[in-house]
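Written below as structure tokens is the structure these notes are about.
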Amino acid sequence: MATALESTSAKQHRLGELREFLMSRRARISPAEAGLPDGGARRRTPGLRREEVAVLAGVGVSWYQWLEQGRDITVSPQVLDSVARVLRLSPAERRHLYVLAALNPPALEAAPEDRDMCEGLRRLIDAWMPFPAHIMDVYWNTVLYNDAAAIVLGMRPEISQNCLVNFFTDPLYRSRVGHWEELAPKVVAQFRSACSECPDDEGFRAVVEEARELSPEFAELWERRDILPGGQNRKEMDHPLVGTLVVEATQLRVPARPDLVIVMHTPLPEADTAEKLEWLVSPEGRRGAMYPVAG
């Protein structure tokens, strides 16, 4: 139902958009695609009829007609999901249907056709060189990282591939991050914020339990229940080859892949950070690296 704060004109516009959206989606589904006889040349309606959508979705014919007519009626997520199934809506279209019906939309999902984006994202973080960049999934498990992330942040195959667990347990990373104690509460609060988007997700719970078992520091910070949106964190690092580095870590999301987070590290105008990063990824810098570059 529309919220009390929604104006009459805004509601009318929303319900009009709902009507046009449902009609357009219904028109693109043929009876054959829905498992129905097509009726031959006698059929005048492009796509499915309203009553056919209602029957296939298991809802009343009058109710569906009222919905498509843009009447201000009560809807439920279960019924909208049934309609979305019959109309073969994509994850983005399903969310759009929820918004038009004035319901809280479901969590973002990646459409099947967008799953194969990792090569393009690999090119993105490689193009960010000589600055560190990596990609995480929703649980903060590392998916990809560039050479600079390996050289500067110490990312490598033999450590935990979960960025939260690694933040608290990798001695190499902790030795390089200045003001680690100040950054830790922010990191935990940002992970709790990510968890809050999917409160019943067992994957988040598993990460939290692992971090609790391995780090009393994490356990103490987790109990504070602080919340911060993923955004930007300033990091001061002490690299054994070049000394102080000052970067800004920014979390970015690609709408088509809401299950991934891209973390780009941008050099700040302090301590000649950009020049030092360029040297670290140069052939000379790589020869002097204490740890092998992992990809």
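Descriptive notes on the structure:
- Distance in nm between pseudo-label sites at residue 23 and residue 250 (7 Å out along the Cβ direction from Cα): 4.3 nm
- Taking 0.36 nm per residue of separation and subtracting the current Cα-Cα distance, fully stretching the chain between residue 287 and residue 234 would add 16.3 nm.
- Cut-off 12 Å (backbone N to label point 7 Å along Cα→Cβ of residue 93), residues of region 52-69: none
- Rounded percent of accessible protein surface that carbon and sulfur make up, the chain, 1.4 Å probe: 54 percent
- Projecting the Cα atoms of 142, 80, 282 onto the charge dipole of the chain (Cβ charges, centred on the Cα centre) puts 80 farthest toward the positive pole.
- Computed over neighbours whose Cβ is under 9 Å from that of residue 228, the net charge equals +1, Lys and Arg +1, Asp and Glu -1.
- Lys/Arg +1, Asp/Glu -1 at C-beta; the chain dipole; positive extreme among 127, 31, 203: 31
- Once the Cβ-Cβ distance of residue 197 and residue 118 is raised to the sixth power relative to R0 = 22 Å, the FRET efficiency obtained is 0.50.
- Straight-line cross-link partners of residue 186 among the lysines, defined as a Cα under 29 Å from its Cα and at least 8 positions apart when in the same chain: 235, 276.
- Cβ-Cβ FRET estimate between residue 161 and residue 266, R0 fixed at 25 Å, reported to 0.05: 0.60
- Simple Cβ-charge dipole of the chain, Lys/Arg +1 and Asp/Glu -1, about Cα centre, in debye nearest 20: 1480 debye
- For region 157-295, the Cβ-based charge dipole about the Cα centre amounts to some 260 debye (Lys, Arg positive; Asp, Glu negative; other atoms uncharged).
- Solvent-accessible area per residue for the chain (1.4 angstrom probe, square angstrom): 52 Å²
- Sites residue 206 and residue 279, calculated FRET efficiency, Cβ-Cβ separation with R0 30 Å, nearest 0.05: 0.15
- For the chain, the 222 nm mean residue ellipticity estimated from helices alone, with every DSSP H stretch of n ≥ 4 adding -39500 (n - 2.57) and the total spread over all residues, rounds to -13500 deg cm²/dmol.
- Neighbourhood net charge (12 Å Cβ-Cβ; Lys/Arg +1, Asp/Glu -1) for residue 248: 0
- Environment charge at residue 24 (Cβ cut-off 15 Å; Lys +1, Arg +1, Asp -1, Glu -1): +4
- For the chain, built as a Gaussian network whose Cα springs stay under 10 Å, the top-fluctuating residue of 35, 178, 47: 35
The values are calculated or read from the model by the stated rules, or taken from the named source; none is laboratory data. This structure is a prediction, so every number in the text was calculated from the model and none was measured. Note that each Cβ is placed from the backbone with ideal geometry, even for glycine, and that neighbours are counted across all protein chains shown. Each accessible area value is taken on the protein alone, full model and side chains, heavy atoms only, with ligands, DNA and RNA left out. Shrake-Rupley method; radii C 1.70, N 1.55, O 1.52, S 1.80 Å.
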